[in-house]
Amino acid sequence: MSLPFDVAAVRADFPILETEIDGRPLVYLDSGATSQKPRAVLEAEREFLEQANSAVHRGAHTLAAEATELFEDARVTVAEFVGAEPEQLVWTSGATAGLNLVAGSLGYRGDLQIREGDEIVVTEAEHHANLIPWQELAARTGARLRHIPVLEDGMLDMHAAAELIGERTKVVAFPHVSNVLGIVNPVAKLVTLARGVGALTVLDACQSAPHLRLDLPASGVDLAVFSGHKVYGPYGIGALWGRDEVLEALPPFTTGGSMITTVTLDRAEYLPPPQRFESGTQPVSQAVALAAAVRWLGEHDLDAAHAHEAVLEKRLREGLRSIDGIRLLGDTDAAERVALQAFEVQGVHAHDVGQLLDSRGVAVRVGHHCAQPLHRRFGMTASVRASAAIHTTEAEIDTLLDAVSGVRGFFGVGAAA
Ligand SMILES: Cc1ncc(COP(=O)(O)O)c(C=O)c1O
């Protein structure tokens with residue numbers, strides 16, 4: 001049963017939102033970096049550790065059986081969250097680990113192996129996590145890494161994409177939502193281009209998973225990753241989702257215990273996916289707590305929550321736009337978006353902006369947000385990023401806007417200077 005959306009009730013679930021920063025209420029607008037955790041998540045992890053902690057898939061004792069059941073139930077819950085089957089969901093330590101797993105696995109053998117002369121296509125809007133593993137793969141194999149440019153308004157240049165994606169393309173990897181621009185990229189169009197040439201698609205769903213309903217099998221992509229700590233879950237856990245036949249075709253990337261059937265001194269045989277990709281001791285309490293996070297999310301009317309976030313998005317972007325001396329990265333009304341926006345306060349360094357906002361209790365991210373090429377594209381090295389969550393209020397957006405509107409005056413730049 002889902003509850004009607006009530007932001008005050010949602011906020012009451014997050015103990016950290018009661019924090020004060022120098023006597024001012026915390027306005028947490030850094031959920032794009034990491035989300036806060038509702039009480040249900042904190043309790044689930046603690047309860048597991050207090051009552052069921054044990055290694056999974058080994059041991060005949062009661063606790064081991066209970067832990068295994070909770071761990072595998074978590075897989076079912078998190079798989080459902082993205083519209084998938086549990087066998088298609090590989091636990092990873094986060095999105096970065098998932099992307100390294102895919103790029104690493106494609107690099108050394110198997111039917112999908114990347115070879116010299118192949119092409120890997122990414123976008124100019126990648127988080128480094130969806131760029132550097134592909135750079136490394138290209139360097140190791142002799143493949144060529146190409147990128148889809150970002151236009152001035154932040155949209156992907158889809159004409160260039162259509163030209164770039166060709167018969168040599170073996171992988172097209174892209175973010176569902178840019179972690180700088182907040183723009184939702186055209187997944188279906190990219191999938192059509194990739195499928196047209198038989199290339200694999202890899203979706204970085206880190207910034208969409210907290211804000212959009214995901215149906216990964218229906219999206220048409222072949223593989224996708226996301227991080228637990230950005231969907232109100234704990235650190236140290238994420239997931240790689242893959243189509244059955246794609247996971248089946250990938251060789252293991254990391255090897256060791258837990259992922260084998262038979263081992264001799266010379267060789268090993270591997271379990272089928274997902275265990276084939278889950279070597280070593282598993283992040284059990286984290287998986288259980290991530291399942292609690294998606295169950296907690298599912299208790300709310302998500303359509304109403306998304307409508308609330310859409311209001312925040314509009315208020316944030318239009319409010320920033322109306323302040324003198326603010327430049328938004330990816331300023332377009334044409335795109336679907338989430339409530340995440342990077343901006344520059346002209347004449348003031350992003351770090352100085354961040355510190356001034358912090359003195360008002362407002363937490364934002366400053367820097368390149370692990371997207372240096374995208375900042376370079378806009379002629380910048382750093383920006384300020386505000387990102388909202390299900391618990392953000394319109395009043396909090398207004399607090400940010402009010403603080404931002406005073407920044408240039410505070411530093412003596414702009415009209416008064
Ligand atoms: C779009 C995107 N991709 C990948 C990542 C990497 O996620 P993690 O550091 O949790 O592995 C992030 C985190 O900021 C992100 O925003």
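Treating cross-link reach as a plain straight distance, find the lysines whose alpha-carbon is under 24 Å from the alpha-carbon of K37, omitting any fewer than eight places away in the same chain.
Here the lysines satisfying the reach criterion relative to K37 are K230.
Rounded to the nearest 10 degrees, what's the angle between the helix 95-105 long axis and the longest principal axis of the chain, both from Cα atoms, 0 to 90?
It works out to around 40 degrees.
Considering the chain as a Gaussian network with a 10 Å cut-off on Cα pairs, which listed residue, G242, G23, G256, attains the greatest mean-square fluctuation?
G23
Could you give each residue of the range 154-170 its phi-based ³J(HN,Hα) in whole Hz, using Karplus coefficients 6.51, -1.76, 1.60 with θ = phi - 60°, and x for Gly or Pro?
x, 7, 6, 7, 6, 5, 4, 4, 5, 6, 6, 7, x, 5, 7, 5, 10
Is it possible to state the helix-based mean residue ellipticity at 222 nm for the chain, with each DSSP H run of 4+ residues giving -39500 (n - 2.57), the sum divided by total residues, to the nearest 500 deg cm²/dmol? What is it?
For the chain, the value works out to -11000 deg cm²/dmol.
After finding the eigenvalues of the alpha carbon gyration tensor for the range 66-142, what semi-axes result from the square roots of 5 times each, listed largest first in whole Å?
For the range 66-142, the ellipsoid semi-axes come out as 30, 14, 11 Å.
Specify which residue in the list A218, V171, L400 is farthest towards the positive end of the charge dipole of the chain, using unit charges on the beta carbon of Lys, Arg (+1) and Asp, Glu (-1), about the Cα centre.
So the residue furthest toward the plus end is V171.
At a 10 Å Cβ-Cβ cut-off, how would you order R115, R315, R267, R75, fewest neighbours first?
Working: R115 10, R315 19, R267 7, R75 22.
Ordered from fewest to most neighbouring Cβ atoms within 10 Å, R115, R315, R267, R75 come out as R267, R115, R315, R75.
Using R₀ = 30 Å, calculate the FRET efficiency as 1/(1 + (r/R₀)^6) where r is the Cβ-Cβ separation of I132 and I16; round to 0.05.
Approximately 0.45, to the nearest 0.05.
Could you point to the residue in L290, H127, I183 farthest towards the positive end of the range 43-297's charge dipole, with +1 and -1 charges on the Cβ of Lys/Arg and Asp/Glu respectively?
Going by the Cα projections, it comes out as H127.
Which whole-number percent gives the relative contact order of the range 43-297, counting Cα pairs below 8 Å spaced six or more residues apart?
Details: 506 pairs, mean separation 63.5, N = 255.
The value is 25 percent.
Taking the inverse of the average 1/r across all pairs of different Cα atoms in the range 262-417, what Kirkwood radius in Å do you get?
18.7 Å
Report, in whole Å, the centroid distance computed from the Cα atoms of the range 76-146 and the range 241-259.
If we compute the Cα centre of each part, the gap is 12 Å.
If you put +1 on each Lys and Arg Cβ and -1 on each Asp and Glu Cβ, how big is the dipole of the range 43-297 around its Cα centre, in Debye rounded to 20?
That gives a dipole near 380 debye.
Only Cα pairs under 8 Å and at least 6 apart count here; give the relative contact order of the range 349-402 as a rounded whole percent. Don't jump to the answer; show the numbers that get you there.
Values: 44 pairs, mean separation 18.8, N = 54.
Worked out over the range 349-402, it gives 35 percent.
Quick one: net charge around H147, please, counting Lys, Arg +1 and Asp, Glu -1 for every other residue with C-beta under 13 Å from its C-beta.
Net local charge, H147 excluded: -1.
Going by the alpha-carbon gyration tensor, a ≥ b ≥ c the square roots of its eigenvalues, is the range 219-296 rounded (a/c under 1.5) or, if a/c is not under 1.5, prolate (a/b greater than b/c) versus oblate?
Judged from the Cα gyration tensor, the range 219-296 comes out oblate (a/c at least 1.5, b/c at or above a/b).
If the range 133-233 were replaced by its equivalent ellipsoid, with semi-axes equal to the square roots of 5 times the Cα gyration tensor eigenvalues, what would those be, largest first, whole Å? Don't jump to the answer; show the numbers that get you there.
Values: eigenvalues 100, 50, 41 Å².
Result for the range 133-233: semi-axes of 22, 16, 14 Å.
Relative to the longest principal axis of the C-alpha atoms of the chain, give the angle of the C-alpha long axis of helix 284-298, reported between 0 and 90° and rounded to the nearest 10°.
50 degrees
Connecting C-alpha atoms closer than 10 Å in a GNM of the chain, tell me which of R317, R243, R46 has the biggest fluctuation.
Fluctuation is largest for R46.
Mind checking Rg over Rh on the chain, alpha carbons, Kirkwood formula for Rh?
Rounded to two decimals, Rg over Rh is 0.99.
Taking only Cα atoms and a 10 Å spring cutoff, compute GNM fluctuations for the chain and point out the largest among E66, E309, E20.
Evaluated over the chain, the most mobile residue of the options is E20.
Could you line up W296, W91, W241 from fewest to most neighbouring Cβ atoms inside 10 Å? Walk me through the intermediate numbers first.
On the way: W296 21, W91 25, W241 29.
Fewest-to-most ranking of W296, W91, W241: W296, W91, W241.
Relative to the longest principal axis of the chain, what angle (0 to 90°, nearest 10) does the C-alpha long axis of helix 187-196 take?
Relative to the chain, helix 187-196 is tipped by roughly 40 degrees.
Taking the highest mean first, how do the peptides 174-181, 48-55 order by number of other beta carbon atoms within 10 angstrom per residue?
Top to bottom by mean Cβ count within 10 Å: 174-181, 48-55.
Please give the charge dipole size of the range 280-346, origin at the Cα centre, charges +1 on K and R Cβ atoms and -1 on D and E Cβ atoms. Round to the nearest 20 debye. Provide the component values of the computation, followed by the final result.
Working: 7 positive and 11 negative charges, 35 e Å.
Dipole magnitude for the range 280-346 comes out near 160 debye.
Mind listing the long-range amide H neighbours of V121? Cut-off is under 5 Å, sequence gap 5 or more, other chains count too, H placed in the peptide plane at 1.01 Å from N.
Excluding prolines and chain starts, which carry no amide H, the hits are R146, K170, V171, V172, A173.
Among I390, I132, what is the fewest-to-most ranking by other Cβ atoms within 10 Å?
Going from sparsest to densest Cβ surroundings: I132, I390.
For the range 36-175, which semi-axes, largest first and in whole Å, follow from the square roots of 5 times the eigenvalues of its Cα gyration tensor?
Working: eigenvalues 299, 76, 31 Å².
Taking √(5λ) for each Cα gyration eigenvalue gives 39, 19, 12 Å.
Every number here is computed from the coordinates shown, using simple stated rules; none is lab data. Computed from a prediction, not measured in an experiment: that's the story for all the values here. All Cβ positions, glycine included, derive from the backbone under ideal geometry; neighbour counts span all protein chains shown.
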